Amino acid sequence: MAIFARLTDLLKANINDLIDRAEDPEKMVKQIIIDMEEQMQKAVQGLGTVMASQRQMAKQLEEAKAQSKLWEDRAKNALKDGNEELAKQAVDSKLKADTSVATYEKMSAELTAQVDTLKQQVDILKKKLNEARTRQSLLIARDKVADARKEVSKAMGDLDSSGAFAKMDKMERKIAEKEAQADAAFEVSGLEAQQSDPFTEIENKKAADDELARLKEELSKQ
């Protein structure tokens, strides 16, 4: 049946490959489940139709057997009454009923085999559908994790490509230069303050006078 062929294709499909080709894997997985559920419903309906035909065929078979029995009994009664001609007519009707019985038995056997096969297929499909439902949550979770990892990798790549760290290094060097300039300015201002300090001037003058006196003393000794 086409229904089971379609379901078989769905079950044989590599779901992971379908997800790889999908723009939205989560929607794809959900749609696969929906498709399988719809096909499963059709399969169950198809099975129900075949089983209804099987029951109808069984009913027709029983009716044909009843007709055969009826005409057999009539033929026997006609023979008992010595009416061979009437018995022959009954036998002809019985043979026609027997032909119907044979036809219905064959068709009933075929339908029974089909029903058994379809039941087995539906059972397998139900198990596969349950398995797919179980895998659905896992696949969606894996997809979300993959998306998150992709976003993190993209953020890291954007950060590197934008040269953010290089810009920060350059800014740090500029700040260090400003700090060095500030330190130098501070030292210069401190030195000037020291030179303009009157106590420092007195101390420097005394040191100069002492050195001059020492030199004069050395010269006088010579």
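The values are calculated or read from the model by the stated rules, or taken from the named source; none is laboratory data. Since we're looking at a predicted model, the values are computed, not measured. For neighbour counting, all protein chains shown are included, and Cβ atoms are generated from backbone atoms with ideal geometry for every residue, glycine included.
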(message) Anything in segment 85-97 that is charged (D, E, K, R) and either exposed (fewer than 12 other Cβ atoms within 10 Å of the Cβ) or under 21 Å from Lys65 (Cβ atoms) (or both)? List them, or say none.
(response) Glu85, Asp92, Lys94, Lys96
(request) Being surrounded by fewer than 15 Cβ atoms within 10 Å (Cβ to Cβ) and either outside the structural domain of Ser53 (by TED's automatic domain parsing) or among the β-branched types (Val, Ile, Thr) (or both) is the filter here, so list the residues in segment 98-111 that pass it. (result) Thr99, Thr103
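Restricting to segment 70-98, name every residue that is hydrophobic (A, V, I, L, M, F, W, C) and outside any helix (DSSP H, G or I).
Across segment 70-98, there are no qualifying residues.
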(request) Take Arg55 and decide whether it is in a helix (DSSP H, G or I), farther than 28 Å from Gln31 by Cα and among the charged types (D, E, K, R). (result) yes
(message) Yes or no: segment 99-120 includes at least one residue that is under 30 Å from Met28 (Cα atoms), among the basic types (Lys, Arg) and in a helix (DSSP H, G or I).
(response) yes
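Checking the conditions here, which among Gln136, Gln121 is surrounded by 10 or more Cβ atoms within 10 Å (Cβ to Cβ) and either within 30 Å of Gln54 (Cβ to Cβ) or modelled with pLDDT of 85 or more (or both)?
Step by step, each of Gln136, Gln121 is checked, and only Gln121 is surrounded by 10 or more Cβ atoms within 10 Å (Cβ to Cβ) and either within 30 Å of Gln54 (Cβ to Cβ) or modelled with pLDDT of 85 or more (or both).
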